[in-house]
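> Once you've had a glance at the structure underneath, I'll fire off some questions.
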2 protein chains.
Amino acid sequence: MTRIAVCAPSAPIAREDAERVKALALAEFPEAELVIHEQCFATEGHFAGSDAVRLEALVECANDPSIDAVWFARGGYGACRIAEEALERFDHAAQGKMFLGYSDAGYLLGALYRERIGKPVHGPMLGDMRREGGDEAIRRALAHLGGDRSGLEPSLGAEKHPVVAFNLMTLAMLCGTRLMPGLAGHVVMIEEVSEYLYAVDRLFFHATAHLGGIAGLRLGRVSDVPQNDRPFGAEALDIARYWCERHAIPFLGEADIGHDAANRIVPFGLAEARQGQ
Amino acid sequence: MTRIAVCAPSAPIAREDAERVKALALAEFPEAELVIHEQCFATEGHFAGSDAVRLEALVECANDPSIDAVWFARGGYGACRIAEEALERFDHAAQGKMFLGYSDAGYLLGALYRERIGKPVHGPMLGDMRREGGDEAIRRALAHLGGDRSGLEPSLGAEKHPVVAFNLMTLAMLCGTRLMPGLAGHVVMIEEVSEYLYAVDRLFFHATAHLGGIAGLRLGRVSDVPQNDRPFGAEALDIARYWCERHAIPFLGEADIGHDAANRIVPFGLAEARQGQ
């Protein structure tokens, strides 16, 4: 049995989505037990409850010795407000756990990786059930949480460097903060959603200035780009190549990650560590 | 006579706006001669011409010894792509000039201040003619360019610390890059436009993590906040206070700057330097 705690450090989820994912898990993943924290349904302004409420739920899930993995419910915004304090309170029970999520959960993945706590993994969240084809994303996540490695991002098989994956905005905001891990020698995968291409270019200006010494960069999907009053004049791949070249960062091509149901799984760190996850 | 060169390191302006500002200057500021670079009307994708075209125009204006001041035409996006190379090519003729602009021009103001080149000043741009009451913004800018200090941001009169002013997004993107000036001991004024409050909060998370050691922060107007699917739960002033408190930055109240016609003028640096500008 794998006991998976779900909490929401950012925005809340709907009960019906939680019920659908529980039903899918019950039908197809009998070895998985989902423990969905009531805090996932709390709301306070933008967030799934106040900072204090989100913090307590996260610490409770991470420090519960009967729990094997922490699955973040959904992105949105808010994890950066509680990440530092939460990690200070994580105890030895957090050490062995997988922490799975992406998007706004990247603040926590980055900080966990920096502090060498647990196994941060970039991959689908419970809230992805809402997407078109979202049940496939949920299956990929539940399989990975149960030890099945078939959902890994395809380039990882041949990758000799340690790897991380981030939403571009999240990574840009992490840079230079107390949550930012050292990424020298790493392959960094980046994806983005719902940003104008000029904003993607601006975020690349910023993020690549902080990524000196990385082994290379891969670009995931840049999706749902809003229509601007004029075309930007370059595509997302051109933007990534341009800023990599300016900072002498090897551009390694595309990555099979993104804000969509096809989002593949990227455990942070080295390949040998991935085998054990 | 004050010869003012106008160039567009970011997005282009319309010829009719340039004509209206020239007419206003001719009628009310006979001592000002506006030299509007043809590059201001160039377009290439998002930008006022390619990086090379914008770079050449900026360097030409900065290095022309017959020019007293460089007035940025408009913000948008693009100055960060050419700022570093432009400043490397600035010569002694750039040293005595005022450089006036805000928003995306903040990348240049910040880099100039870092390199101690010229007199960077945060204030209205030619393109502000389009705003409601924009003629007042243009008058304020032209008066300042001609030596009249009546348009200064009101708190500057009593301020003993050196001061800078930035758009929040621009400052957040500057942090940690080769364009970022050291701001220890400075009062930092911040304004924002057209960002969701959750994005303002996120930018404050990032920017304040980089502003350790500043003398204090003042918040200008945070305007045209888009309506989100749910209220954020705090106002912009609360957000600024919250992040200042987390980083032990004195919050000094409001600043009379913003993306609007009332945008007052903030010369970078110390008050004694302001007297001479």
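> Considering B:Pro12, B:Pro30, which residue is closer than 22 Å to A:Arg230 by Cα and not basic (Lys, Arg)? I'd like the intermediate steps shown before the answer.
Numbers: B:Pro30 fails: closer than 22 Å to A:Arg230 by Cα.
Being closer than 22 Å to A:Arg230 by Cα and not basic (Lys, Arg) holds for just one of B:Pro12, B:Pro30, which is B:Pro12.
> Now for a different question. When the stretch B:1-48 is examined, which residues are found to be open to solvent by 10 Å² or more (accessible area, probe 1.4 Å), away from every other protein chain (no Cβ under 14 Å) and of a type in the set (Gly, Ala, Ser)?
Listed by number, the residues that qualify are B:Ala23, B:Ala27, B:Ala32.
> Might you let me know whether the stretch A:244-252 holds any residue that is open to solvent by 10 Å² or more (accessible area, probe 1.4 Å), at pLDDT below 95 and over 25 Å from A:Leu152 (Cβ atoms)?
no
> Please work out which one of (1) in contact with a helix residue (DSSP H, G or I) (Cβ under 7 Å, 6 or more places away or on another chain); (2) in a helix (DSSP H, G or I); (3) open to solvent by 20 Å² or more (accessible area, probe 1.4 Å) is the condition A:Gly176 fails and give its number.
(2)
> Check B:Arg89, B:Arg74, B:Arg81 and return the single one that is within 19 Å of B:Val193 (Cα to Cα) and open to solvent by 10 Å² or more (accessible area, probe 1.4 Å).
Working: B:Arg89 fails: within 19 Å of B:Val193 (Cα to Cα); B:Arg81 fails: within 19 Å of B:Val193 (Cα to Cα).
Among B:Arg89, B:Arg74, B:Arg81, only B:Arg74 is within 19 Å of B:Val193 (Cα to Cα) and open to solvent by 10 Å² or more (accessible area, probe 1.4 Å).
> Out of B:Ala184, B:Ala215, B:Ala234, B:Ala143, I need the residue that is within 30 Å of B:Arg3 (Cβ to Cβ) and modelled with pLDDT of 95 or more. Which one? Can you show your working first?
Numbers: B:Ala184 fails: within 30 Å of B:Arg3 (Cβ to Cβ); B:Ala215 fails: within 30 Å of B:Arg3 (Cβ to Cβ); B:Ala234 fails: within 30 Å of B:Arg3 (Cβ to Cβ).
Just one listed residue meets the conditions, B:Ala143.
> Select, from B:Leu109, B:Leu126, B:Leu145, the only residue that is open to solvent by 10 Å² or more (accessible area, probe 1.4 Å) and under 17 Å from the mean Cα position of the chain (by Cα).
Values: B:Leu109 fails: open to solvent by 10 Å² or more (accessible area, probe 1.4 Å); B:Leu126 fails: open to solvent by 10 Å² or more (accessible area, probe 1.4 Å).
Unique residue meeting the criteria: B:Leu145.
> Scan the stretch A:205-216 and tell me whether some residue there is at the interface with chain B (Cβ under 9 Å from one of its Cβ atoms) and either over 19 Å from B:Leu171 (Cα atoms) or in contact (Cβ under 8 Å) with a residue 60 or more places away in the chain (or both). Outline the logic, then answer.
The initial filter retains those residues of the stretch A:205-216 that are at the interface with chain B (Cβ under 9 Å from one of its Cβ atoms), namely A:205-206, A:209-210.
When the remaining residues are screened for being either over 19 Å from B:Leu171 (Cα atoms) or in contact (Cβ under 8 Å) with a residue 60 or more places away in the chain (or both), the result is none.
Within the stretch A:205-216, none of the residues are at the interface with chain B (Cβ under 9 Å from one of its Cβ atoms) and either over 19 Å from B:Leu171 (Cα atoms) or in contact (Cβ under 8 Å) with a residue 60 or more places away in the chain (or both).
The values are calculated or read from the model by the stated rules, or taken from the named source; none is laboratory data. The structure presented is a predicted model; accordingly, all values stated were derived computationally and were not measured. Counting neighbours? That spans all protein chains shown, and the Cβs are built from the backbone with ideal geometry, glycine included. Calculation scope for accessible area: heavy atoms of the full protein, side chains included, ligands and nucleic acids excluded. Shrake-Rupley method; radii C 1.70, N 1.55, O 1.52, S 1.80 Å.
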